[in-house]
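The values are calculated or read from the model by the stated rules, or taken from the named source; none is laboratory data. Bear in mind the structure is a predicted one, so any value in this text is a computation, not a measurement. Neighbour counts are summed over all protein chains in view; Cβ atoms, including those assigned to glycine, are modelled from backbone coordinates with ideal geometry.
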Amino acid sequence: MRILGIDPGTARVGYGIIDLDADNYNVVDCGCITTKANTPLEHRLSEIADDIESLILAHSPDVAAVEELFFSKNTKTALSVAHARGVILEKIQRHNIPLYSYNPMVIKKALCSDGKAKKPQMQRITQLLLRLAELPTPDDTADALAIALCHGNTHRNKSLYMQT
């Protein structure tokens with residue numbers, strides 16, 4: 001199964017594409033979509049939408065997992081990230097890719113068994129599970145890979161449960 005994990009944002013959208021084969025995860029691609037500051041939001045959203053579509057066309061994911069938003073103190077930032085998440089969801093839906101959403105606490109719990117795990121711990125477990133030589137960076141990319149792993153673990157656990 002090929003999983004597209006996305007950490008939404010407006011300045012940077014992290015993405016991680018992994019394959020789950022039997023018991024192994026393999027990184028196919030990962031990185032960040034970046035948009036320039038001081039660019040009108042509608043232009044940034046269009047750029048994000050185009051880049052997400054390019055990733056979908058290039059890698060043909062079987063499923064997508066996107067981080068749910070949590071409200072921060074900065075309402076303006078939260079609203080712009082919600083807009084970015086919206087265009088991302090639309091592209092995924094347009095390509096008929098099954099979509100799963102996970103909140104940050106669930107992602108942390110799925111990987112570290114601790115819903116309050118700190119970022120360095122999440123990066124380290126992501127590195128170990130994906131057998132990466134170095135910690136995944138920047139944070140947005142690491143988060144996107146963790147989101148993809150969260151879905152892989154959730155799917156695998158459901159599959160095991162269904163077999164018994």
(request) From the list LEU132, LEU128, pick out the single residue that is at pLDDT 90 or above, in contact with a strand residue (DSSP E or B) (Cβ under 9 Å, 6 or more places away or on another chain) and closer than 20 Å to GLY14 by Cβ. (result) LEU132
(request) Identify all residues within segment 1-26 that are β-branched (Val, Ile, Thr), modelled with pLDDT of 95 or more and either out of contact with any Asp or Glu (no Cβ under 8 Å at 6 or more places or on another chain) or outside any strand (DSSP E or B) (or both); write none if there are none. (result) ILE18
(request) Give the number of residues within segment 32-46 that are of a type outside the set (A, V, I, L, M), in a strand (DSSP E or B) and free of Cβ contacts under 8 Å to residues at least 24 places away in the same chain. (result) 1
(request) Please tell me if LEU79 is crowded, with 16+ Cβ neighbours inside 10 Å and not in a strand (DSSP E or B). (result) no
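Conditions tested, residue by residue: (1) part of a strand (DSSP E or B); (2) without any contact (Cβ under 8 Å) to a residue 12 or more places away in the chain; (3) out of contact with any Leu (no Cβ under 7 Å at 6 or more places or on another chain); (4) surrounded by fewer than 19 Cβ atoms within 10 Å (Cβ to Cβ).
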site	(1), (2), (3), (4)
LYS109	no, yes, yes, yes
ASP114	no, yes, yes, yes
THR126	no, no, no, no
LEU145	no, no, no, no
HIS151	no, no, yes, no
(message) Can you tell me which condition MET105 does not meet? The list is (1) crowded, with 16+ Cβ neighbours inside 10 Å; (2) at pLDDT below 95; (3) not in a loop (DSSP other than H, G, I, E, B), and all the others hold.
(response) (1)
(request) Scan (1) surrounded by 13 or more Cβ atoms within 10 Å (Cβ to Cβ); (2) over 13 Å from LEU4 (Cα atoms); (3) at pLDDT 95 or above for the single condition LYS36 breaks and write down its number. (result) (1)
